[in-house]
1. Identify the residue in the range 89-123 that is β-branched (V, I, T) and outside any strand (DSSP E or B) and, among all such residues, is nearest to S52 (Cα to Cα).
2. Based on this model, can you work out whether F80 counts as in a strand (DSSP E or B), touching a Pro at 6+ places or on another chain (Cβ under 8 Å) and under 30 Å from D49 (Cβ atoms)?
3. When the range 101-117 is examined, which residues are found to be modelled with pLDDT of 90 or more, open to solvent by 30 Å² or more (accessible area, probe 1.4 Å), within 22 Å of E59 (Cβ to Cβ) and not aromatic (F, W, Y)?
4. Would you pick out the residues in the range 68-111 that are among the polar types (S, T, N, Q) and out of contact with any Ser or Thr (no Cβ under 6 Å at 6 or more places or on another chain)?
5. Of all residues in the range 44-65, how many are assigned to a loop (DSSP other than H, G, I, E, B), open to solvent by 50 Å² or more (accessible area, probe 1.4 Å) and within 12 Å of C83 (Cα to Cα)?
6. Can you name the number of the only condition in (1) within 30 Å of T12 (Cα to Cα); (2) assigned to a loop (DSSP other than H, G, I, E, B) that G126 fails?
7. Only one of (1) touching a residue at least 60 places away in the same chain (Cβ under 8 Å); (2) under 16 Å from Y71 (Cβ atoms); (3) open to solvent by less than 80 Å² (accessible area, probe 1.4 Å) is not met by G136, so which one is it?
Amino acid sequence: NARQIVAGNGLTGGGNLTTDRTIALGTPSTVTATSTNYVAGTTHSHAIDLSSIFPTRWENVTGARANGGTYYNTTGKMMFVACTSGVTRHQADMVFTVNGEVVYTTGADMIEGGGRIGGEVMVPAGASYSVWSNLGISRWMETR
């Protein structure tokens, strides 16, 4: 009677050995409101609605964004920001910031030909973000 079967992480059941005991898979915690959990007998499944966490499409917001302006991720999920500079035959620089911290910089010296530079950063939900280029920004894309 003093010996016990203890259910570990992710399991339910157990108890003292005065009778037969059952150990079963427990219901996993919910990741989002639209995630589902199922436990029955020897079957265990957990479906995660990734579209509630990760972006599902790209949107061209070039006309709604200004070079060097500060914006906020109000999508409720992680987003990506991708930008391309204007064309130059000289030095090109681009700086991406998230919550006021520089997270990515890029540059090039295009003396012989014309060209563009660009990059992409991840922006957490609720974070501020900004992109600046000495050449201006010709294309600004964000995920939704």
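1. I117
2. Numbers: in a strand (DSSP E or B): yes; touching a Pro at 6+ places or on another chain (Cβ under 8 Å): yes; under 30 Å from D49 (Cβ atoms): yes.
For F80, the condition - in a strand (DSSP E or B), touching a Pro at 6+ places or on another chain (Cβ under 8 Å) and under 30 Å from D49 (Cβ atoms) - is met.
3. Across the range 101-117, the qualifying residue is only V103.
4. From the range 68-111, those among the polar types (S, T, N, Q) are 70, 73-75, 84-85, 88, 91, 97, 99, 105-106; that's our starting set.
Scanning the range 68-111 gives N73, T74, T75, T88, Q91, T105, T106.
5. Of the range 44-65, the ones assigned to a loop (DSSP other than H, G, I, E, B) are 48-49, 53-57, 61, 65.
Those still in the list that are open to solvent by 50 Å² or more (accessible area, probe 1.4 Å) too: 48, 53-54, 56-57, 65.
Going one step further and asking which of them are within 12 Å of C83 (Cα to Cα), we end up with 65.
Residues in the range 44-65 being assigned to a loop (DSSP other than H, G, I, E, B), open to solvent by 50 Å² or more (accessible area, probe 1.4 Å) and within 12 Å of C83 (Cα to Cα): 1 in total.
6. Just one mismatch for G126, condition (1).
7. The number of the failed condition is (2).
Listed here are the residues, each with its yes/no results for (1) modelled with pLDDT under 85; (2) among the polar types (S, T, N, Q); (3) loosely packed, with under 11 Cβ neighbours inside 10 Å.
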residue	(1), (2), (3)
L17	yes, no, no
T30	yes, yes, no
S35	yes, yes, no
C83	no, no, no
A92	no, no, no
N99	no, yes, no
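The values are calculated or read from the model by the stated rules, or taken from the named source; none is laboratory data. What you see is a predicted model; the values in this text were computed from it and never measured. No Cβ is skipped: glycine too gets one built from the backbone with ideal geometry, and neighbour counts run over all protein chains shown. Ligands, DNA and RNA are excluded from the accessible area calculation, which covers all protein heavy atoms including side chains. Shrake-Rupley method; radii C 1.70, N 1.55, O 1.52, S 1.80 Å.
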